[in-house]
Structure formats: structure tokens, C-alpha cells
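K.L.:
Dumping the structure here so I can ask a few things about it.
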Amino acid sequence: MRFGFGKAARASGAAFLRSGLCVAAFAGLAACGGPAEPVWAPDAAVEAARHQTGAPPEIRLYTVVGKGGGWGAHSGLLINGRERILFDPAGTFKLPSAPERNDVHYGMSDRAVAVYIDYHADETYDVIEQRLPVSAAQAAALAQRVKAYGAVPKAQCSLSIGRILRDVPGFETIPVGYFPKRLSAAFGARPGAVTRRITDAEADKSHNVVFRAAR
């Protein structure tokens, strides 16, 4: 289970603390459980941040796992369609250039993605990145569903992503539940999926966001 130790990010004068995000074991749900925390960035901020990559439609599942094949701690879904957005359910990732609306972050440039990965990778956790090509229709459907899902209660990261994926044609066999590693295994087994494990040492740190140890 996750506790309040890790990295605190400073970007544009703001500090952000990563604490308990989600857990994979039911025994730990109560510890990081709690109600959803609605956030709604202003229209102007979202419009200014929208980011288009020009790349083919793709989704990426991010799974935060304990080192040495340990437990799954968190899941996030990056969707690249008409724009690139991040669904970080029940997460604590914050970045001024990536305004949030109920766990959906806009403005996910390459720099913002690098910050997200580096934010989670540390001496205790690695990040599993799994990339999968999708159709434009699938990317649009996923983007619509994450925007409509609403703020996610704590400990329901993989549950919410599984529900959203399974509701889109082509992903009907994706498991739905509280286990990030189970979701990752099913996602990685799909034809065309490419998986890599990112350690703290391997994470791109050229994003100019400085991390310090949380107190």
C-alpha cells in the first residue's frame, strides 16, 4: 500500500505531494480510501492547454508497481486522439500546464508526460508504460468516457479505467476490478501492445521540474 512518502514536485512556484494513490490489495483499501475530490479547471485554462501531437491514435496504460515485481499501486490512462489527455483517476498528480477537470488532465505534451512518469518513479516504485495503437473512433470514445466519468473515489483507479475500456468496442474482455497489475497484464497481452518498465534512474528528467523528498 502507498503511504505519504515519495517526491514533492515544484513547478511554477507550486508544490505537489504524491501520497497514497491506489492500492492493489483489499486489505489496504481503507487506508487510502475516501470520497472523490471534484476539480474543475476554468474554460480558458483548458482551451489554452489543449495539446495535439499529430501522431496516430494511441492509448498508454501507466501502472505504478513496487520494485522487484511488487504490488500494483496506481493506474493512469493516456489517450491520444484529437488531443492528448491523461485520465489519472484518484491520483494526486498536479502540473500548472496540465489543468484538471475531475481526474482528466489537458495539455499533456511530451514534457508533461515525462513529468508524470518521473513523478511516480522513485526508489520504491517503477512505472510500467504500455502503448497500444487504436482507431480514431476508439480514441474518441475513450476520451468522451473519461470526461463524462466524473471524479473518481480513492482506491478506484484501475476499477474506473477497466470500466471505461470495457465499454468501448474492441475492449470487451478487459477485466474490471481493484487490481492494477491484473489490468496491466490484460492490456499488455493485447495484439500490438508494447511494454516497457521505467525506473527512477531511467525516467526522463529533462522536464525541468525539481523533486525533493517529502517530509
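Throughout, read-outs are computed from the coordinates displayed, never taken from laboratory work. Note that the coordinates shown come from a computational prediction; the quantities given were computed from them, not determined experimentally. Every residue, glycine as well, gets a Cβ built from its backbone with ideal geometry; the counts of neighbours run over all protein chains shown.
K.L.:
What is the Rg over Rh value, at two decimals, for region 29-129, using alpha-carbon atoms and the Kirkwood definition of Rh? Walk me through the numbers before you get to the answer.
P.N.:
Working: Rg = 14.1 Å, Rh = 14.4 Å.
Value, to two decimals: 0.98.
K.L.:
Straight-line reach from Lys205: which aspartates and glutamates have Cα under 17 Å away, leaving out those fewer than 8 places along the same chain?
P.N.:
Asp110, Asp118, Asp122, Glu123, Asp126, Glu129
K.L.:
If r is the Cβ-Cβ distance from Ala185 to Ser135 and R0 is 25 Å, what FRET efficiency results, to the nearest 0.05? All intermediate terms of the calculation are to be shown ahead of the outcome.
P.N.:
Values: r = 23 Å, r/R0 = 0.92.
Efficiency, rounded to the nearest 0.05: 0.60.
K.L.:
Would you please put 97-107, 169-179 in order of how densely packed they are, using the mean number of other Cβ atoms within 10 angstrom per residue and starting with the highest?
P.N.:
Details: 97-107: 22.9, 169-179: 14.8.
Highest mean packing first, the order is 97-107, 169-179.
K.L.:
log₁₀ I(q)/I(0) of region 7-213 at q = 0.17 Å⁻¹, via Debye over equal Cα point scatterers, no solvent, to two decimals?
P.N.:
Once normalised to I(0) and log-transformed, intensities are -1.22.
K.L.:
At a Förster radius of 35 Å, what calculated FRET efficiency corresponds to the Cβ-Cβ distance of Ala48 and Ser206, to the nearest 0.05? Please list the in-between numbers first.
P.N.:
Details: r = 23 Å, r/R0 = 0.67.
In this case the efficiency is close to 0.90.
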